[in-house]
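Novice: A single structure is presented below for examination.
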Amino acid sequence: MERKVKNIALIAHDNKKAEMVSWAMKNASVLKKFTLCGTGTTAKLVGEATDLNVKRYLSGPLGGDQQIGAKIAEGEIDLVVFFWDPLQAQPHDPDVKALLRIAVVYDIPIATNKATADFVISSVLLGDDR
């Protein structure tokens, strides 16, 4: 039986982009085993810093969060790593909440901070065919 390559979405609010890039660089050897996508600038920055191929969707405020939410609903995303900034008001907050909601509805793991992302990326379950 051929193993399905899992799809991971990478998203970070502006104040968390440097943290996302640092996290992705630290975990590049693991991330290269997966298909990666992300919202606008986050995907660009991670791709440039790691040489990983990260499919770019629109910027979050321009619809990227909704695009990734749609991919979750279509069964095309297996994990979301979303470093969000709870202390900064976001003009697209309804889109962020919708993305979080759809991940929960479809039972998709969503890591919203570095500590959780570290747990998830090191989990033996990440390699399962679930």
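Novice: Take the residue pairs Lys4/Lys97; Lys6/Lys26; Lys17/Lys114; Lys6/Lys44 and return only those whose Cα atoms are more than 23 Å apart. Write down the numbers at each step before the final one.
Specialist: Working: Lys4/Lys97 29 Å; Lys6/Lys26 19 Å; Lys17/Lys114 12 Å; Lys6/Lys44 20 Å.
Listed pairs above 23 Å: Lys4/Lys97.
Novice: So who's got an amide H within less than 5 Å of the one on Ala111, skipping anything under 5 residues away but keeping other chains? H placed 1.01 Å off N, in plane.
Specialist: It is Val80, Val81, Phe82, by chain and number.
Novice: Taking only DSSP H segments of four or more residues, each worth -39500 (n - 2.57), what value at 222 nm results for the chain once the sum is divided by all its residues, to the nearest 500 deg cm²/dmol?
Specialist: Numbers: 6 runs with 56 residues, N = 130.
That comes out to -12500 deg cm²/dmol.
Novice: Another question about this same structure. Taking the chain as a Gaussian network, where each spring joins two C-alpha atoms under 10 Å apart, which residue of Pro109, Pro91, Pro61 fluctuates the most?
Specialist: In the Gaussian network model the winner is Pro91.
Novice: Keeping the other protein chains in place, figure out the carbon and sulfur percent of the accessible area of region 79-130, with a 1.4 Å probe.
Specialist: So the carbon and sulfur contribution to the accessible surface is 63 percent.
Novice: Once you wrap a convex hull around the alpha carbon atoms of region 69-130, what is its projected area averaged over all directions, in nm²?
Specialist: On the way: hull surface 18.1 nm².
Reported value for the Cα convex hull: 4.5 nm².
Novice: If you don't mind, there's one more thing I want to ask. Remind me, relative contact order of region 8-114 in percent, using alpha carbon pairs under 8 angstrom and six or more residues apart? Display every interim value, and only then the final one.
Specialist: Values: 173 pairs, mean separation 32.3, N = 107.
Taking the mean separation of contacting Cα pairs over the length of region 8-114, I get 30 percent.
Novice: Okay, next question. Rank Glu74, Glu19, Glu48 by mean-square fluctuation in a GNM of the chain with C-alpha springs under 10 angstrom and give only the top-ranked residue.
Specialist: Of Glu74, Glu19, Glu48, the most mobile in the Gaussian network model is Glu74.
Novice: For region 25-130, which chymotrypsin sites (Phe, Trp or Tyr not before Pro) are in a loop by DSSP, counting at most 11 other Cβ atoms within 10 Å?
Specialist: Values: sites: Phe34, Tyr57, Phe82, Phe83, Trp84, Tyr106, Phe119; in loops: Phe34, Trp84, Tyr106.
Passing sites in region 25-130 do not exist.
Novice: Residue-wise, which Karplus ³J(HN,Hα) couplings in Hz belong to region 75-92, taking 6.51 cos²θ - 1.76 cosθ + 1.60, θ = phi - 60°, and x for glycine or proline?
Specialist: x, 9, 10, 9, 7, 10, 10, 10, 7, 9, 9, x, 9, 10, 5, 10, x, 9
Novice: Starting from the coordinates of the alpha-carbon atoms of region 1-96, obtain the Kirkwood hydrodynamic radius over all distinct pairs and give the value in Å to one decimal. Walk me through the numbers on the way to the answer.
Specialist: Details: mean 1/r = 0.0744 Å⁻¹.
So the Kirkwood estimate lands at 13.4 Å.
Novice: Taking the solvent-accessible surface of protein heavy atoms with a 1.4 Å probe, what is the per residue accessible area of the chain in Å²?
Specialist: Numbers: 7270 Å² over 130 residues.
Per-residue value: 56 Å².
The values are calculated or read from the model by the stated rules, or taken from the named source; none is laboratory data. Please read all numbers here as calculations on a predicted model, not as lab measurements. When we count neighbours, we look across all protein chains shown, and the Cβ atoms used for this are built from the backbone with ideal geometry, even at glycine. Note: areas computed on protein heavy atoms with side chains; ligands, DNA, RNA excluded. Shrake-Rupley method; radii C 1.70, N 1.55, O 1.52, S 1.80 Å.
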